[in-house]
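Encoded as structure tokens, the structure appears first; notes follow it.
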Amino acid sequence: MKGWRLWCARSPADWGSGVASDRIPSDLDSEVVRGKRAALFFAAVAIVLGLPLWWKTTETYRASLPYSQISGLNALQLRLMVPVTVVFTRESVPLDDQEKLPFTVVHEREIPLKYKMKIKCRFQKAYRRALDHEEEALSLDSMQEAETMLAEPQEQAEGSLTVYVISEHSSLLPQDMMSYIGPKRTAVVRGIMHREAFNIIGRRIIQVAQAMSLTEDVLAAALADHLPEDKWSSDKRRPLKSSLGYEITFSLLNPDPKSHDVHWDIEGAVRRYVQPFLNALSAAGNFSVDSQILYYAVLGVNPRFDPASSSYYLATHSLPHVINPVESRLGSSAASLYPVLNFLLYVPELAHSPLYIQDKDGVPVATNAFHSPRWGGIMVYNVDPRAYNNSELPVRVEVDMVRVMEVFLAQLRLLFGIPQPQVPPKCLFSGPKGEGLMTWELDRLLWARSVENLATATTTLTSLAQLLGKISNIVIKDDVASEVYRAVAAVQKAAEELASGHLASAFVASQEAVMSSERAFFDPSLLHLLYFPDDQKFAIYIPLFLPMAVPILLSLVKIFLETRKSWKKPEKID
């Protein structure tokens, strides 16, 4: 007000002198400077503090993953080493060759599979002389006694083989046999008195070792899901997938209980025949066995009548249609965490008896049974026609469990990918003992399962890395990253153990690789922000930041223009 009184006290003549006009622009300039400073301050706070804070609080958390190591798994080369100890008796090779012992020979070959992972089989043969107790055992006349005596000192490691080379004229084997494969991890090969004895015997040893360990068919069947559809991956060669456990269900189907009173001693049969086999197979997984009886459960296909034999039959093309209607009655796989194997014993109704299964050539199958890969098997059990003579219905039927379990055990071997051994020519083969499984067959299964687990874990990790690389909005938590790191380390460890010939530890590491990779791939947190596109982000954040950003941007533009204008000095006019 003081300035106002001073300005009004002047005379009208002094109104144009500019005394008051010199003070008003000074106040306006200070206001403009404060406005510019405020605009610059808000812009600085928004850029220096606001944007980084918003970016950090709204970003998707993604833990680091070993992408380079995962990509390197596609070029992984597996070397499957089979340690083979070759023991020579005194008269198996010439004396000059015996003086060269001990030494080691390595035989390596690549298994030709159409798969990105290269697989090589390496037989490391360690030649040595026979010890005293080995000489004594191999001098016996019975192969069983020799095997019993040789197995007493120590047990062999998983995946290893021992081949004994006996004299060319030894009576331990029949004279027309050149080799022998036993139920354990041992084999016998005849020697030869020849200057190329080591080369000739070495080829025989490789033939025996390949029959007892790894073949193309075994590995191709294990990698059936990863190979192209060709001869290696036909349906008949698709074994069960590797799993931590399996559930086996034996079912008795009696569609005509008014005519047949069927009794089966399933508990005793499982105890005598199935359980020893599962105990021998326990290294490959855990097993649980149960049984049930289903009444009025009929097949989904009507059998055809054959007038020539007065019997009914099921053709090969109709067998796939049998499983689906029956499976709905089983109910065993609904709440199971592990693969379920179903073994069905079907007693046909009186109106369709006897019932036979025919092959593709129209010939009745000897076992009157068939199996479906990765599902199980079905056996048709016909009642003896003499049981109906002078008997009232229902007829009591006692099932021959020996014949039934013989078929089911054969189907169980096929389902697990344990085919009949292919022995070399002139080779004496000793079948499995009471457990129905030879020790080296279990080793061969573990080899195949280890390779299958590594292929599955590698495929899962590669798919996960590609998914996370393409979709940046998926949250990668620390526990998911730790599972991925654990899976990669387990794959590398399993490959190293396979190359070292440590089959047991390699199989355990391969199982850990599969479990860790699948836990990471199927983690529920990977789906939380999967569907959150950029247009939704703009729709959320523009109403929030636009009212604040427009005044700041306009102020910055105005300040820039005024500053640029002030840089241009005005020209002086005289």
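The number of residues in the range 94-110 being open to solvent by 70 Å² or more (accessible area, probe 1.4 Å) and not β-branched (Val, Ile, Thr) comes to 7.
When the range 248-288 is limited to residues that are of a type in the set (Val, Ile, Thr) and part of a helix (DSSP H, G or I), the one that is nearest to residue 346 (Cα to Cα) turns out to be 266. Taking the conditions (1) closer than 21 Å to residue 121 by Cα; (2) buried (at least 20 other Cβ atoms within 10 Å of the Cβ); (3) free of Cβ contacts under 8 Å to residues at least 60 places away in the same chain in turn, residue 221 satisfies each one other than (3).
Hey, can you tell me all the residues within the range 432-451 that are open to solvent by less than 30 Å² (accessible area, probe 1.4 Å) and not in a helix (DSSP H, G or I)? Passing the criteria: 436, 437, 438.
Condition check ((1) closer than 30 Å to residue 222 by Cβ; (2) in the same structural domain as residue 358 (by the TED database); (3) assigned to a helix (DSSP H, G or I); (4) more than 43 Å from the chain's Cα centre (by Cα)) across all residues:
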position	(1), (2), (3), (4)
379	yes, yes, no, no
382	no, yes, no, no
387	no, yes, yes, yes
391	no, yes, no, yes
396	no, yes, no, yes
402	no, yes, yes, no
408	yes, yes, yes, no
411	yes, yes, yes, no
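Scanning the range 336-348 turns up one or more residues that are under 34 Å from the mean Cα position of the chain (by Cα), buried (at least 18 other Cβ atoms within 10 Å of the Cβ) and either more than 21 Å from residue 404 (Cα to Cα) or not assigned by the TED database to the domain that holds residue 255 (or both). Pick from the range 34-76 the residues that are touching a residue at least 24 places away in the same chain (Cβ under 8 Å) and polar (S, T, N, Q): which of them is least open to solvent (accessible area, probe 1.4 Å)? For the range 34-76, the residue satisfying everything is 60. Checking the range 397-412 against the condition returns no match, with no residue being of a type in the set (Asp, Glu), surrounded by fewer than 20 Cβ atoms within 10 Å (Cβ to Cβ) and modelled with pLDDT under 90.
Picking from residues in the range 452-480 that are open to solvent by 10 Å² or more (accessible area, probe 1.4 Å) and among the aliphatic types (A, V, I, L, M), the one that is farthest from residue 223 (Cα to Cα) is 475.
Suppose we keep only residues that are assigned to a loop (DSSP other than H, G, I, E, B) and within 14 Å of residue 90 (Cα to Cα) within the range 164-208. Which one would you say is most open to solvent (accessible area, probe 1.4 Å)? Among them, the one singled out is 169.
The values are calculated or read from the model by the stated rules, or taken from the named source; none is laboratory data. Since we're looking at a predicted model, the values are computed, not measured. Positions of Cβ are backbone-derived with ideal geometry, glycine not excepted, and every protein chain shown enters the neighbour counts. Protein only, heavy atoms only, side chains kept; ligands, DNA and RNA dropped before computing areas. Shrake-Rupley method; radii C 1.70, N 1.55, O 1.52, S 1.80 Å.
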